[in-house]
Amino acid sequence: MWTTKLFLLDSLILAVNSFPTKSSTLGYTQRIFTERSLELKLKLQANIKPDSNKPEEAFPPPSPSSNKFEASNHVNAIQEEMVKERIFQRNGLIGGCTFLGVALLLGNFVGMISPIVSILLPILLLGIISFLTESYNEYSIPLGDSNFEVKESTIKNAGKGLFSNSYISKDTYILEYEGEVLTEMEYFYRYPNGDGRYVAEVKQGFINPYSIYIDGVDESKSGLARYMNSKSQEDGGANVYWKKQRFGKQGGRMYFYALRDIEAGEELFFDYGNLYWDVANNYT
């Protein structure tokens, strides 16, 4: 019975992901469906009981190397808190939008707000959201690897750092953060304490409470951006800033830009953020 359910679930996952993802909405739906289906698959696998008529070795324990989802039959406590916080934020946004919609309807009903305003305001808000989303997309080509050099960082005990070999003008698109793309389940299976040192988190918006993670720990699967060290942007130490695209076809990607003019020979720094250091210091 359980194996039949698993077979049907695997078939459904395969069927859904067989559709082309030219539409950003379809791609987003496929990703959400796959994540939820894999969670359900874990629950089904946890309920499979060995057949007493079969030898014990026919039902070996889950192997991390065979399937990285199977080793996590429960939600990580840190992940659970993060999801709760995101759901709280999402519900707050939904509540605010609902309140605004009701206020517009009531204002229109009693004659305090013009029907034209009631129509134009949502259109204006959607236009602003669309513009902001598009502003986080990147269609340019980043600087080539020949513009950079990896060598000992100027920060003591920081290991390697990334240096510019040429002049870079302000706001130039420098690099994309590359690495292995992980779902939230995969990330917390790999890093139960949430302390991945080369991991960038990209939230997927207010509707989906789960994030995408880009793990650059493996040099062969990452790029030069993994070598950039951290300095505070508020203190003026950082010379690079980042943008993370949460929506659309480029959702789940992270781009780096020159915060100011950068001279040849300068080391590149961006601000990792306080949360990164809080986690790193707690689990050092």
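The values are calculated or read from the model by the stated rules, or taken from the named source; none is laboratory data. Quantities reported herein were computed from a predicted structural model and do not represent experimental measurements. SASA here: full protein model, heavy atoms, side chains in, ligands and nucleic acids out. Shrake-Rupley method; radii C 1.70, N 1.55, O 1.52, S 1.80 Å.
Miscellaneous remarks
- Taking the alpha carbon gyration tensor of segment 79-232, multiplying each eigenvalue by 5 and rooting it gives semi-axes of 42, 22, 12 Å, largest first.
- Stokes-Einstein translational diffusion, segment 201-257 - Kirkwood Rh over all Cα pairs, 0.692 mPa s, 37 °C, in µm²/s: 252 µm²/s
- Using the 1.4 Å probe convention, the accessible area of segment 207-273 works out to 43 Å² per residue with neighbouring protein chains retained.
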